[in-house]
Every structure is written in structure tokens, then in C-alpha cells.
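So the structure is just underneath, and the comments pick up after that.
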Amino acid sequence: MLTVLEVNELDQRFGATSTEQILAWAWKRFSTRAAIGTSFQGAGLVMMHLAKLHHLPFPVFTLDTGLLFPETVELKKRLEDFFGYPIEALQPELSVEQQAAANGPELWKREPDLCCTIRKVFPLQAKLAGLDCWITGLRRQQSETRANIGVVELYLFDATTGRDIVKLNPMANWTREAVWQYIREHKIPYNPLHDQGYRSIGCWPCTRKVAGGEDERAGRWTGFKKVECGIHTFLSKKVDFQI
């Protein structure tokens, strides 16, 4: 596994490196121990296309919470046909009905953090246990909470064993405009909800259309002081404390 110092050096170098070159480095370094995680937002679609175009056969997975828009479920099938490979769907242990029986109906209306933990974080943890590198479509422009992400980051995955995991954000420097220009140029299938005012699409109970002037993720968890589902915040980032 990489050290914090090595990750910091790579992050500086990759700041001026193309996305396809970053992905090529990840494939050479980790092979199938690296995987692309996507919720089929625009950046994830671009990254999947670049990997396919440059013959980098990363496994791809998505989180199927049981609460996705029908359009998102249908998009998964369209993307599998377009790219020619299966996309693994990670599902929570509890169905929506079982969750309601255990925690009361519509948990997302009362405790959205707990709902996200059950339906997103726990399945992701199980998947990451078998990986050394998690590749995401995070972009700095998306929100204030993502403005300072690195292209390469190192996180503590298991405090008991001391096991770390690399988080790779090859799309960090892309703008929304560049993402959608690429999608249209290459005719990549995308979620039709984007054409209806939805800029960031998650589970249907917690996603609304975004008004002009709002950031991309403003339509998530309206009414709560919540800006992230938890999959990008449950790990502890490792930093270099050397002076």
C-alpha cells in the first residue's frame, strides 16, 4: 500500500495529468483490486467511457438502495448495453420493508443519516473490504464540501488491522460544463431526469429539482442539515503530520 508521503506526491503530480493517464496508473498499480463506484452522475459516465476507450477493464459497481428512481434503474440496463459489461449492484441487507419494520416507516423523513448508513454505507464497506483502490466521480465544483478533495487520497479502512485504502478522484478538476459536453459528444446514455431540472440524483424520497443559482447538490435532503449521504465521509483520511 502507498504511504501518505507517496500519496501526497502523486496528488501533486496528478493535478496536471489527464483523467485517462490517472486511470492507466491505477490499472497498472492495482488491476482489478481497483474498481469504479458510480451512481450514474455525469462524471461517473465520462470516467467509465474513458476507461473503456483506453482498454482499462475496471470492475464497476453501484449502490442499489431499493429507493432509486425508475429512470435510474433503467439507466443501469442502458449503460450495461452501451459499454458491454455488467455493473454490479450493491444492495443493503434489509429491504425497504424490513427497514420499516425495524425502524418505523419512511426512516428517511426522520433520520436520513441512519437511512443512508443502512442502505449505502454498510453495503459500500463490504465492497471496499475487497479492494485496494476505490475510484469515484467526485468533482471539486460540485459543492463546498468537495471543493478541496485530492485527486489521490489515502484513508484508514480498518483500524483493527491498520489496513488502508486509496481513494482516487480522477474527475476532480472537471467542470460540469466539460462533463456534459463530453457526454453529448460521445452520445453516452444518461438519466433523463437531468433534463427535468435534477442536477444530482439520489434516492427519490430525498432528491428534488435544483433552482437557478443553487449548487449541484442543493436538491438533496431538503429540510435537513445534511449535504452528504455518508459514503464519502465515513472513512478517516490519513494526513502527513511530519514537519
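The values are calculated or read from the model by the stated rules, or taken from the named source; none is laboratory data. Being a predicted model, the structure only gives us computed values, none of them experimental. A quick note on method: Cβ atoms are made from the backbone with ideal geometry, for glycine too, and the neighbour counts reach across all protein chains shown. Quick note on the areas: whole protein, heavy atoms, side chains included, nothing else; ligands and nucleic acids left out. Shrake-Rupley method; radii C 1.70, N 1.55, O 1.52, S 1.80 Å.
The table that follows gives values for the structure above.
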| quantity | calculated |
| --- | --- |
| Check on residue 61, in a loop (DSSP other than H, G, I, E, B), surrounded by 13 or more Cβ atoms within 10 Å (Cβ to Cβ), modelled with pLDDT of 95 or more and under 18 Å from the mean Cα position of the chain (by Cα) | no |
| Candidate set: the stretch 1-55, residues that are open to solvent by 20 Å² or more (accessible area, probe 1.4 Å) and small (Gly, Ala, Ser); chosen: the one farthest from the chain's Cα centre (by Cα) | 16 |
| Total residues in the stretch 178-212, condition out of contact with any strand residue (DSSP E or B) (no Cβ under 8 Å at 6 or more places or on another chain), closer than 15 Å to residue 43 by Cα and assigned to a loop (DSSP other than H, G, I, E, B) | 7 |
| Residues being open to solvent by 50 Å² or more (accessible area, probe 1.4 Å) and either modelled with pLDDT of 95 or more or over 26 Å from residue 72 (Cα atoms) (or both) - total across the stretch 175-191 | 6 |
| When residues of the stretch 140-174 are limited to those that are of a type in the set (Lys, Arg) and open to solvent by 10 Å² or more (accessible area, probe 1.4 Å), the one modelled with the lowest pLDDT | 146 |
